[in-house]
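Notes to accompany the following structure.
The values are calculated or read from the model by the stated rules, or taken from the named source; none is laboratory data. Note that the structure is a prediction, hence the values are computed from the model and not measured. All Cβ positions, even for glycine, are placed from backbone atoms using ideal geometry, and neighbour counts span all protein chains on display. Protein only, heavy atoms only, side chains kept; ligands, DNA and RNA dropped before computing areas. Shrake-Rupley method; radii C 1.70, N 1.55, O 1.52, S 1.80 Å.
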Amino acid sequence: MITLEALQQAITERIERYNQTDFPVSKRRVQTIDLLECQNHILAEDINSPFNIPRQNVSAMDGYSIAAGSALDADTSIEIVGESQAGSPYTGKLTAGQGVRIFTGAVVPDDSDTVIMQENTNFAEIRESIDKSQPYHITLTQAAKADDNIRKQGEEIAEGEVVLQKGKRLNPADISLLANLGVAKVKVYQPLKVGVMATGDELVAVGQPLQSLALAQIYNSNTPTLKTLLAGLPVTIEDYGIIPDNLEQTVATVTTAMRECDVLLSSAGVSVGDYDFLTTVIEQLGKINHYKVAMKPGKPFVFGELLGDSDNKLAKPVLFFGLPGNPLSTLAGTLQLVIPSLWRLSSVSADDMPMVRTVQATLDNDVRKSAGRKDFQRGVLSQNSDGSFTVKAFSKQQSHRIKQLSQANCLIVLAKDSGNLAAGESVTVQPFPWS
Ligand code: AMP
Ligand code: MG
């Protein structure tokens with residue numbers, strides 16, 4: 001059975017070929033959206049700054065802006081002849097020995113080359129006696145030097161400079177930058193269309209009543225879980241509902257989905273049960289690149305691609321991710337394999353792929369583990385007062401335990417060949433993205 005790392009590598013290589021050949025980034029559709037909607041979308045243009053930042057020489061401090069050529073030694077007395085406020089500059093002239101009161105972000109007058117912070121003057125002592133309608137004197141309490149406390153025009157960003165490059169995954173800091181530049185709309189790649197289908201005769205859609213107890217029907221929780229896990233990605237989701245365990249209906253739904261979507265995700269129906277039709281259908285309409293992965297939960301995972309049927313070949317392959325049915329397996333497979341793949345498919349630049357965050361933690365209890373598969377055990381991670389982490393693993397780790405999943409805040413990652421671990425040992429932990 002392929003290791004998780006080898007499967008991740010194989011999927012990554014397939015997606016790199018897909019992005020180069022099957023659906024090149026240069027051929028992707030682009031759409032213009034509002035700044036406030038662009039978080040987590042992928043920028044499809046370079047953004048050039050329309051102006052210098054700062055636009056003018058501005059003060060970095062509240063204090064006094066002193067005329068060029070003034071003495072700047074401690075005890076120098078300066079005549080203050082006016083004021084420059086943010087949004088309301090001083091327009092008069094200044095000669096050596098003169099200055100103006102100035103505030104952070106206000107324009108430094110042309111004749112001035114130094115800003116003295118008010119803490120380095122006798123401002124505090126004379127504050128009460130100042131009559132702003134008249135010139136007054138302040139005294140420097142420390143020596144200053146030319147250029148102090150001035151943010152020079154264009155110092156941070158020059159007009160025309162590229163501040164964000166095509167392929168950037170837009171985040172709140174990027175939105176701040178764009179807003180500072182007055183950019184109201186941005187061009188982003190059109191989100192990929194991702195089909196989601198659940199399979200199983202026992203499933204009932206949330207919102208519908210369960211039938212008689214004898215049928216042991218259960219609610220389809222995987223579709224809501226998947227939609228929520230993918231909510232922050234640049235994808236649009238097409239929900240194909242619940243497909244019964246029936247070959248014809250499975251073929252019909254997969255056929256529709258492959259014509260409408262870029263990627264198809266399914267849950268369940270990929271085990272070796274007599275009613276698990278999905279693998280058959282994928283082989284009929286495309287191919288299976290990998291089946292089963294040495295991870296727990298999540299072993300019966302399918303990575304394949306749909307190519308079309310005999311009458312109708314698809315213009316481009318539709319990548320297929322078949323997740324196992326157990327809610328926990330679906331979640332683990334989505335976190336480890338599907339989400340990174342969807343980001344890679346999204347045309348995000350390689351250096352801006354989201355990181356999978358991990359921390360090292362000390363086990364609070366003994367953990368049972370048999371060698372052979374990489375385990376993702378559920379646990380509760382907490383941070384100690386010295387900043388280190390402790391993790392408590394749940395004693396029961398079966399993949400159908402849904403209450404426990406909601407009580408956990410992390411996955412404890414145990415290497416494939418590791419055996420049991422004792423309390424006190426160090427382990428790698430992936431906090432859930434929402435923890
Ligand atoms: P299967 O892979 O079809 O054998 O499903 C494995 C287990 O997952 C079975 O117990 C199913 O009832 C359960 N299961 C399958 N699909 C879902 C779903 N969409 N929501 C919740 N549980 C599911
Ligand atoms: Mg089933």
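Within the stretch 186-228, the set of residues being open to solvent by 50 Å² or more (accessible area, probe 1.4 Å), in contact with an Asp or Glu (Cβ under 6 Å, 6 or more places away or on another chain) and under 28 Å from Leu342 (Cβ atoms) comprises Lys187, Lys193, Ile218.
Would you call Pro327 open to solvent by 10 Å² or more (accessible area, probe 1.4 Å), without any contact (Cβ under 8 Å) to a residue 60 or more places away in the chain, within 14 Å of ligand 1 (Cβ to nearest atom) and within 31 Å of the chain's Cα centre (by Cα)? No; evaluated as a whole, the condition is false for this residue. With respect to the stated conditions, Gly232 is more than 10 Å from ligand 1 (Cβ to nearest atom) and either assigned to a loop (DSSP other than H, G, I, E, B) or free of Cβ contacts under 8 Å to residues at least 40 places away in the same chain (or both). Inside the stretch 32-73, can you point out the residues that are within 23 Å of Gly167 (Cα to Cα), in contact with a Lys or Arg (Cβ under 8 Å, 6 or more places away or on another chain) and surrounded by fewer than 21 Cβ atoms within 10 Å (Cβ to Cβ)? Of everything in the stretch 32-73, those that are within 23 Å of Gly167 (Cα to Cα), in contact with a Lys or Arg (Cβ under 8 Å, 6 or more places away or on another chain) and surrounded by fewer than 21 Cβ atoms within 10 Å (Cβ to Cβ) turn out to be Thr32, Ile33, Asp34, Leu35, Asn40, Ala44, Glu45, Asp46. Cβ contacts < 6 Å: first residue part of a loop (DSSP other than H, G, I, E, B), restricted to the stretch 65-77; second residue buried (at least 18 other Cβ atoms within 10 Å of the Cβ), any location; separation 6+ or different chain. Result? Taking only residues 6 or more apart or on different chains, the pairs are Ala68/Asp113; Leu72/Ala144; Ala74/Leu140; Thr76/Leu140. For residues that are open to solvent by 50 Å² or more (accessible area, probe 1.4 Å) and within 14 Å of ligand 1 (Cβ to nearest atom), scanning just the stretch 278-295, find the one that is farthest from the chain's Cα centre (by Cα). My answer is Thr280. I'd like to check something: does the stretch 3-26 contain any residue that is assigned to a strand (DSSP E or B) and either farther than 23 Å from Ile157 by Cβ or under 37 Å from the mean Cα position of the chain (by Cα) (or both)? So far as the stretch 3-26 goes, no, none of its residues is assigned to a strand (DSSP E or B) and either farther than 23 Å from Ile157 by Cβ or under 37 Å from the mean Cα position of the chain (by Cα) (or both). Within the stretch 78-100, the set of residues being among the polar types (S, T, N, Q), open to solvent by 50 Å² or more (accessible area, probe 1.4 Å) and in a strand (DSSP E or B) comprises Gln85, Ser88. Please verify whether Leu421 is in contact (Cβ under 8 Å) with a residue 40 or more places away in the chain and either open to solvent by 30 Å² or more (accessible area, probe 1.4 Å) or more than 30 Å from the chain's Cα centre (by Cα) (or both), treating the condition exactly as stated. For Leu421, the condition - in contact (Cβ under 8 Å) with a residue 40 or more places away in the chain and either open to solvent by 30 Å² or more (accessible area, probe 1.4 Å) or more than 30 Å from the chain's Cα centre (by Cα) (or both) - is met. Within the stretch 124-146, restricting attention to residues that are assigned to a helix (DSSP H, G or I) and among the small types (Gly, Ala, Ser), the residue that is nearest to Ala71 (Cα to Cα) is Ala124.
Looking at Thr228, Thr236, Thr255, just one residue is hydroxyl-bearing (Ser, Thr, Tyr) and in contact with a Pro (Cβ under 9 Å, 6 or more places away or on another chain), and that residue is Thr236.
Does Leu264 satisfy the condition of being more than 16 Å from ligand 2 (Cβ to nearest atom), of a type in the set (A, V, I, L, M), touching a residue at least 40 places away in the same chain (Cβ under 8 Å) and in a loop (DSSP other than H, G, I, E, B)? Against the criterion (more than 16 Å from ligand 2 (Cβ to nearest atom), of a type in the set (A, V, I, L, M), touching a residue at least 40 places away in the same chain (Cβ under 8 Å) and in a loop (DSSP other than H, G, I, E, B)), Leu264 does not qualify.
Yes or no, residue by residue, for (1) touching a helix residue (DSSP H, G or I) at 6+ places or on another chain (Cβ under 6 Å); (2) more than 16 Å from ligand 2 (Cβ to nearest atom); (3) farther than 20 Å from Gln8 by Cα; (4) in a loop (DSSP other than H, G, I, E, B):
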| residue | (1), (2), (3), (4) |
| --- | --- |
| Asp274 | no, no, yes, yes |
| Lys287 | no, yes, no, no |
| Gly298 | yes, no, no, yes |
| Ser310 | no, yes, yes, yes |
| Val318 | yes, yes, no, no |
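Scan the stretch 349-363 and tell me whether some residue there is open to solvent by 10 Å² or more (accessible area, probe 1.4 Å), touching a helix residue (DSSP H, G or I) at 6+ places or on another chain (Cβ under 8 Å), small (Gly, Ala, Ser) and in contact (Cβ under 8 Å) with a residue 40 or more places away in the chain. For the stretch 349-363, residues open to solvent by 10 Å² or more (accessible area, probe 1.4 Å), touching a helix residue (DSSP H, G or I) at 6+ places or on another chain (Cβ under 8 Å), small (Gly, Ala, Ser) and in contact (Cβ under 8 Å) with a residue 40 or more places away in the chain: absent.
Checking the structure you have, find out if any residue of the stretch 264-272 is modelled with pLDDT under 95, among the aliphatic types (A, V, I, L, M) and surrounded by 21 or more Cβ atoms within 10 Å (Cβ to Cβ). Taking every residue of the stretch 264-272 in turn, at least one turns out to be modelled with pLDDT under 95, among the aliphatic types (A, V, I, L, M) and surrounded by 21 or more Cβ atoms within 10 Å (Cβ to Cβ).
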